[in-house]
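**Q** Before I ask anything, here is the structure I am working with.
The values are calculated or read from the model by the stated rules, or taken from the named source; none is laboratory data. All values derive from a computational prediction rather than experimental measurement. Note that we place each Cβ from the backbone using ideal geometry, even for glycine, and neighbour counts take in every protein chain shown. Remember, those area values only see protein heavy atoms, side chains included, never the ligands or the DNA or RNA. Shrake-Rupley method; radii C 1.70, N 1.55, O 1.52, S 1.80 Å.
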Amino acid sequence: MATASAKQNDFTKGSIAANILKMAIPMTIAQIVNVLYNIVDRMFIGNLPGDGMLALTGLGLTFPVISIITAFANLCGSGGAPLCSIARGEGDKEKAETIMGNAFSMLLILGVVLTGAVLLFKEPVLYAFGASIDTFPYANAYLTIYCLGTLFMMTGLGMNAFINSQGFGKFGMATVCIGAVTNLILDPIFIYVFHMGVRGAALATILSQLVSAIWVLRFLTSRRAILRLRLSRMRLRWPIVRRIIGLGTSNFTMAMTNSAVQVMCNSTLQFFGGDLYVAIMTVINSIREVIFMPISGTTQGALPVMGYNYGAKNYLRVRQSIVFITKVCVIYATAACIFLLAVPEVMIRIFNDNPALIEEGAKCVRIYSCCYFMMSLQMAGQNTFLALGRSKQAIFFSLLRKAIIVVPLVYILPRIGNLGVYGVFLSEPISDIIGGLACFTTMMLTVWRELRQKEQTEPVTNQ
């Protein structure tokens, strides 16, 4: 069964667009469902009678902590999965399975450590992240329960990348769909029927993550998988761990810097504008997740295709993949940008119908999203570096847009010309322009040129 699947998922054959779309469509659907998975809590909580806005704000304060946990899952998943694709393209199944087994062991160890750390330090951390006396109880209630499911979330998210890397996009999509449907069913039951509020939302989330984790592990240990999760491959090997960390540091850095930026934005908005603007930032982060689902799905769908062909030395197909994802990302992001500039209120009302939040939120959404089309260049370039195992470039451009550009701007702009809270939102489009141009231009001047040279000198590996 695994042999038949390996032949079917040979990305050196067929059109590049078809291969990418074969992966990207189910991954995009998974992204849509995953966003529902993440924002359904915000929708239910934001519409709680009486204290919905405070509860939504409190939930937003937990995002940086959740981003940190996600960062560690991505460290193992996004670090190991491209290496698996390259090894599979080279025809080295044992190496690919060892990479996957080591990534799984890393996820287990990190999951246990993070659970203890969050439980121990959550109170001072939440106050440092911008909590007030009014919003802390909601943030604390949600995070206390959520962190108990850290191991489930990390296993489901981190190991699902290895399902996708083998070309099983539909099974990877099912992982997310199963969890999301479970969450959608349990949320209203726990929140409204059992009157558990934010605690009910958190409980529904961790139970749905448990279901997803079980699905992932069952598939990866089955005969259907090309690469199987085996106990004999789980003993940590430092050279492999180092390579996983080296490549995974890109997405890890991106998630960690996102977390740092969220913390700084929340605390600055709290200082200059109060709870209303922290709530607006919570809504904007949710809108961004929704808007960028297709781009994320397309770029992630291209990763196994590009990595496999790179391992097989089919460099022309790698370049064709870069062209395809760039066109799709830029066209879509431009359309999304126009939509948000025209009618931001449509998206805001999904989360809360508070008149003040809608009025001020519309202004902030327009500022924040006006250069989304430039961010698409960053994502195309960043994922190219990641797919080909270029860890140094991937890490640098992860740091550039957020840590090097956004963090100083969030501190400086609100204090210039009485910009106040609007300066916080203005930092995003500035970083989109600078980061997008720098990342994509560098990719074209380095990777693109190198691929063209290798086409002339290195033969395609026989599959």
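**Q** When you scan the stretch 447-463, how many residues do you find that are open to solvent by less than 70 Å² (accessible area, probe 1.4 Å) and assigned to a helix (DSSP H, G or I)?
**A** Result for the stretch 447-463: 6.
**Q** Given the conditions (1) at pLDDT 90 or above; (2) hydrophobic (A, V, I, L, M, F, W, C); (3) open to solvent by 10 Å² or more (accessible area, probe 1.4 Å), report the number of the one that Ala356 does not fulfil.
**A** Among (1) at pLDDT 90 or above; (2) hydrophobic (A, V, I, L, M, F, W, C); (3) open to solvent by 10 Å² or more (accessible area, probe 1.4 Å), the lone unmet condition for Ala356 is (1).
**Q** Restricting the search to the stretch 376-412, which residues are in contact with a Pro (Cβ under 9 Å, 6 or more places away or on another chain) and part of a helix (DSSP H, G or I)?
**A** The answer is Leu386, Ala387.
**Q** What number of residues within the stretch 59-89 satisfy the criterion of being of a type in the set (Gly, Ala, Ser) and closer than 18 Å to Phe121 by Cβ?
**A** Number satisfying all stated conditions: 2.
**Q** Also: Does Leu114 satisfy the condition of being touching a helix residue (DSSP H, G or I) at 6+ places or on another chain (Cβ under 7 Å), of a type in the set (A, V, I, L, M) and under 30 Å from Arg237 (Cβ atoms)?
**A** Answer is yes for this residue.
**Q** For the stretch 193-209, enumerate the residues that are in contact with a helix residue (DSSP H, G or I) (Cβ under 8 Å, 6 or more places away or on another chain) and open to solvent by 60 Å² or more (accessible area, probe 1.4 Å).
**A** Answer for the stretch 193-209, where residues must be in contact with a helix residue (DSSP H, G or I) (Cβ under 8 Å, 6 or more places away or on another chain) and open to solvent by 60 Å² or more (accessible area, probe 1.4 Å): Phe194, Met196, Arg199, Leu207.
**Q** Of (1) part of a helix (DSSP H, G or I); (2) closer than 25 Å to Pro64 by Cβ; (3) not acidic (Asp, Glu), Leu419 satisfies all except one. Which?
**A** So the condition that Leu419 fails would be (1).
**Q** Criterion first (under 21 Å from the mean Cα position of the chain (by Cα) and either open to solvent by 80 Å² or more (accessible area, probe 1.4 Å) or among the aromatic types (Phe, Trp, Tyr) (or both)) does Trp215 satisfy it?
**A** Yes, satisfied.
**Q** Take the residues of the stretch 292-341 that are in contact (Cβ under 8 Å) with a residue 40 or more places away in the chain and in contact with a Cys (Cβ under 9 Å, 6 or more places away or on another chain): which is most open to solvent (accessible area, probe 1.4 Å)?
**A** Among those residues, the one meeting the criterion is Pro294.
**Q** Give the residue that is farthest from the chain's Cα centre (by Cα), with candidates limited to residues of the stretch 410-429 that are within 17 Å of Ser259 (Cβ to Cβ) and either open to solvent by 60 Å² or more (accessible area, probe 1.4 Å) or free of Cβ contacts under 8 Å to residues at least 60 places away in the same chain (or both). It would help to see each step written out before you state the result.
**A** First, pick out the residues of the stretch 410-429 that are within 17 Å of Ser259 (Cβ to Cβ): 410-411, 424, 427-428.
After this cut, where a residue has to be either open to solvent by 60 Å² or more (accessible area, probe 1.4 Å) or free of Cβ contacts under 8 Å to residues at least 60 places away in the same chain (or both) as well, the list is 411, 427.
Working: Tyr411: 25, Ser427: 21 Å.
So the residue we want is Tyr411.
**Q** Restricting the stretch 238-254 to residues that are at pLDDT 90 or above, farther than 16 Å from Ala161 by Cβ and not hydrophobic (A, V, I, L, M, F, W, C), which is surrounded by the most Cβ atoms within 10 Å (Cβ to Cβ)? Steps first, please.
**A** Taking the stretch 238-254 first, the residues at pLDDT 90 or above are 238-245.
Those left that are additionally farther than 16 Å from Ala161 by Cβ: 238-239, 241-242.
Adding the requirement that they be not hydrophobic (A, V, I, L, M, F, W, C) leaves 239, 242.
Details: Pro239: 8, Arg242: 10.
Filtering first and then ranking leaves Arg242.
**Q** Evaluate the stretch 198-205: report whether one residue or more is of a type in the set (A, V, I, L, M, F, W, C) and within 30 Å of Leu399 (Cβ to Cβ).
**A** No - not one qualifying residue is present in the stretch 198-205.
**Q** Just one of Ile206, Ile284 is under 30 Å from Ala335 (Cβ atoms) and of a type in the set (Val, Ile, Thr); which is it?
**A** Ile284
**Q** Still on this structure: Filter the stretch 190-230 for residues that are in contact (Cβ under 8 Å) with a residue 40 or more places away in the chain and among the β-branched types (Val, Ile, Thr); which is nearest to Asp51 (Cα to Cα)?
**A** Val198
**Q** If you don't mind, another one. Any chance the stretch 381-404 includes a residue that's more than 16 Å from Ser250 (Cβ to Cβ) and either surrounded by 17 or more Cβ atoms within 10 Å (Cβ to Cβ) or touching an Asp or Glu at 6+ places or on another chain (Cβ under 8 Å) (or both)?
**A** Within the stretch 381-404, not a single residue is more than 16 Å from Ser250 (Cβ to Cβ) and either surrounded by 17 or more Cβ atoms within 10 Å (Cβ to Cβ) or touching an Asp or Glu at 6+ places or on another chain (Cβ under 8 Å) (or both).
**Q** Shifting gears a bit: Which one of Ala312, Ala342 is among the hydrophobic types (A, V, I, L, M, F, W, C) and modelled with pLDDT of 90 or more?
**A** One residue alone meets the criteria, Ala342.
**Q** Another one. Within the stretch 67-184, which helices (runs of 4 or more DSSP H) (wholly inside it) include 2 or more residues that are open to solvent by less than 40 Å² (accessible area, probe 1.4 Å), touching a Cys at 6+ places or on another chain (Cβ under 9 Å) and touching a residue at least 12 places away in the same chain (Cβ under 8 Å)?
**A** The qualifying helices (runs of 4 or more DSSP H) are 93-128, 150-165.
**Q** In the stretch 255-293, which residues are charged (D, E, K, R) and over 18 Å from Leu54 (Cα atoms)?
**A** The answer is Arg288, Glu289.
**Q** OK, next. Answer yes or no as to whether Leu210 is more than 25 Å from the chain's Cα centre (by Cα), among the hydrophobic types (A, V, I, L, M, F, W, C) and either on the phi < 0 side of the Ramachandran plot or not in a helix (DSSP H, G or I) (or both).
**A** It is false that Leu210 is more than 25 Å from the chain's Cα centre (by Cα), among the hydrophobic types (A, V, I, L, M, F, W, C) and either on the phi < 0 side of the Ramachandran plot or not in a helix (DSSP H, G or I) (or both).
**Q** If I filter the stretch 438-446 for residues that are out of contact with any Phe, Trp or Tyr (no Cβ under 8 Å at 6 or more places or on another chain) and buried (at least 17 other Cβ atoms within 10 Å of the Cβ), do I get at least one hit?
**A** Filtering the stretch 438-446 down to residues out of contact with any Phe, Trp or Tyr (no Cβ under 8 Å at 6 or more places or on another chain) leaves 440-441, 444-446.
Of the ones still in play, those that are also buried (at least 17 other Cβ atoms within 10 Å of the Cβ) are 440.
So far as the stretch 438-446 goes, yes, one or more of its residues are out of contact with any Phe, Trp or Tyr (no Cβ under 8 Å at 6 or more places or on another chain) and buried (at least 17 other Cβ atoms within 10 Å of the Cβ).
**Q** Now a separate question. Is it the case that the stretch 226-234 has a residue that's assigned to a loop (DSSP other than H, G, I, E, B) and crowded, with 22+ Cβ neighbours inside 10 Å?
**A** Checking the stretch 226-234: at least one residue is assigned to a loop (DSSP other than H, G, I, E, B) and crowded, with 22+ Cβ neighbours inside 10 Å.
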